[in-house]
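See structure below.
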Amino acid sequence: MSTEPDHAEQPFTVGFISLGCAKNLVDSETMAGKLLDEQILLAHDPEEADIIIINTCSFINDAREESIEIILQTCELKKNGRCRAIIVAGCMPQRYEHELEINLPEVDAFIGLDELENVPDIVRRLQNGEKNIFQVSKAPTKLYEPGETRMLFTGGPYAYVKIGDGCNHRCAFCAIPAIRGHRRSRSIKNIVGEVEHLLENGVSELNLVSQDVTSYGKDRHDGAELCILLKELASIGGEFWIRLLYAFPSLVTDELLAVMGETDAICNYLDVPVQHSHPEILATMRRAGTTSSVRSLPQHARTIVPGITLRTTCLVGFPGETDEHFQHLASYARTAQFDHLGVFTYSSEDGTAAADLPHQVNSALAEERRRRLLSAQRDLLLEKNGELIGQDDKILLEMPSSDNAGEWIARSRRQAPEIDGEVIVSKVPAEYRAGAFVTVTYTAMAEYDMRAEFASLRSEGDDNGS
């Protein structure tokens with residue numbers, strides 16, 4: 001008797017595992033839409049799929065290790081589950097090309113960033129029994145336009161809108177330009193069209209993403225630039241939020257801040273990774289041009305946009321970082337008082353300028369510095385959250401809590417999805433649904449999250465939130 005699983009009575013399906021950043025998630029959603037356009041069904045769970053697509057990340061060592069671990073775990077499903085074939089897509093095949101093909105013979109197909117639109121053809125070939133497929137271009141040049149059948153994998157009433165791909169900055173620690181290629185910006189017309197479609201289908205928050213949103217349009221030579229795009233999006237009408245993620249410090253202009261402060265649809269929230277504060281480290285990082293803006297931006301932004309929420313990321317343990325350099329960064333973080341701050345330890349990346357630098361910092365010391373910065377930031381965040389208790393704010397309902405009836409998971413304008421905590425709201429009337437904006441009163445802190453009670457649905461003019 002055959003021990004092979006019987007697929008005859010089950011429809012053929014494809015499942016997704018998307019790793020890494022929000023930009024990768026958009027690529028996965030775009031691939032899923034192209035499969036649906038070709039009448040290929042998607043599985044709700046990868047374990048129920050005949051073919052599994054793993055969209056990988058290779059930004060730093062931790063991301064690569066996670067990708068490899070997930071690939072190996074998924075390969076087990078070929079032995080013990082329904083899975084018949086595995087596609088590894090995205091950044092890892094793009095970066096490592098044939099190394100993966102040699103070291104992961106269990107994988108049936110590898111596709112790079114310029115081949116994502118060909119995923120329906122790859123799936124058909126695998127379905128017909130073909131193996132050992134490898135399609136990776138030398139350097140990515142394409143820019144995908146999500147179709148109307150783009151799937152949303154966010155699980156909430158928000159979407160990431162990728163306004164461009166690639167990066168022209170050459171930071172010494174970063175492999176992204178080598179992986180993703182030069183900057184490529186979408187047209188304002190196409191972005192507006194995508195946003196209109198998303199809003200018509202129940203999305204309430206649009207998170208604009210790119211490797212650097214502040215460089216948007218500089219490659220197009222048709223007048224497109226970020227402030228114009230924001231004004232066009234805000235003029236669509238209706239109630240929704242626009243959020244900017246990943247701005248470059250020296251490219252945050254007074255005009256951009258003014259547009260944010262004057263346009264109600266745009267969240268007064270800016271994610272601007274400074275990486276470090278000491279001029280010597282910034283110079284070695286090849287970010288010397290950001291030194292002045294790193295120093296002045298927090299106070300300057302708050303002057304132009306009172307109440308703005310600022311998020312940043314810092315990189316510790318960069319080659320040559322001394323105790324003095326780190327103390328400079330710690331002092332800067334205390335003074336700048338970022339609302340949200342993430343910290344990464346340096347990861348030596350092949351092909352980057354920093355990989356060959358002398359005076360590499362011990363990993364244990366780098367981790368200690370990371371913990372110290374995060375501990376100080378935790379104390380600051382708890383202090384800031386404590387000041388919110390008793391205040392009213394407008395929040396976005398995301399999903400009902402699985403624990404208590406009438407309780408919802410929500411977010412404020414101050415909180416980007418997945419990274420900045422949540423608002424846990426009680427006493428929400430039964431008629432409200434995901435995607436609704438409601439007014440709440442903050443009642444308590446819940447570690448990094450906030451607790452609140454439903455107040456009422458009020459007009460925008462009554463909103464005290466930023």
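Among the residues of the range 237-251, just one is within 17 Å of Ser277 (Cα to Cα), open to solvent by less than 20 Å² (accessible area, probe 1.4 Å) and outside any helix (DSSP H, G or I), namely Ala247. Mind listing whichever residues of the range 84-97 are assigned to a loop (DSSP other than H, G, I, E, B) and either modelled with pLDDT under 90 or touching a Ser or Thr at 6+ places or on another chain (Cβ under 7 Å) (or both)? Once the filter is applied, which keeps residues that are assigned to a loop (DSSP other than H, G, I, E, B) and either modelled with pLDDT under 90 or touching a Ser or Thr at 6+ places or on another chain (Cβ under 7 Å) (or both), the range 84-97 yields only Glu97. In the set Leu77, Leu126, Leu100, Leu116, only one residue is without any contact (Cβ under 8 Å) to a residue 24 or more places away in the chain, of a type in the set (A, V, I, L, M) and either part of a helix (DSSP H, G or I) or in contact with a Lys or Arg (Cβ under 7 Å, 6 or more places away or on another chain) (or both); that residue is Leu100. Checked against the criterion of being of a type in the set (Val, Ile, Thr) and either within 30 Å of Ala364 (Cβ to Cβ) or touching a His at 6+ places or on another chain (Cβ under 6 Å) (or both), the candidates Val252, Val259, Val316 yield just one match: Val316. The number of residues in the range 135-190 being among the aliphatic types (A, V, I, L, M), open to solvent by less than 40 Å² (accessible area, probe 1.4 Å) and in a loop (DSSP other than H, G, I, E, B) comes to 4. Considering the range 321-364, the residues that are of a type in the set (Gly, Ala, Ser), open to solvent by 50 Å² or more (accessible area, probe 1.4 Å) and part of a loop (DSSP other than H, G, I, E, B) include one that is nearest to Asp379 (Cα to Cα), namely Ser348. Considering the conditions (1) at positive phi; (2) touching a residue at least 60 places away in the same chain (Cβ under 8 Å), His359 is excluded by exactly one of them, (2). One residue alone among Leu397, Leu297 is touching a Phe, Trp or Tyr at 6+ places or on another chain (Cβ under 7 Å), under 30 Å from Ser204 (Cα atoms) and surrounded by 14 or more Cβ atoms within 10 Å (Cβ to Cβ), and that residue is Leu397. Of the candidates Gly390, Gly386, the single residue that is open to solvent by 50 Å² or more (accessible area, probe 1.4 Å) and more than 26 Å from the chain's Cα centre (by Cα) is Gly390. When each of Thr309, Thr290 is tested for being in contact (Cβ under 8 Å) with a residue 40 or more places away in the chain, open to solvent by less than 10 Å² (accessible area, probe 1.4 Å) and in contact with a helix residue (DSSP H, G or I) (Cβ under 8 Å, 6 or more places away or on another chain), the lone residue that passes is Thr290.
The values are calculated or read from the model by the stated rules, or taken from the named source; none is laboratory data. Computed from a predicted structure; not experimentally measured. Glycine also receives a Cβ, built like all others from the backbone with ideal geometry; neighbour counts cover every protein chain displayed. We work out accessible area using only protein heavy atoms, side chains counted, and drop any ligands, DNA or RNA first. Shrake-Rupley method; radii C 1.70, N 1.55, O 1.52, S 1.80 Å.
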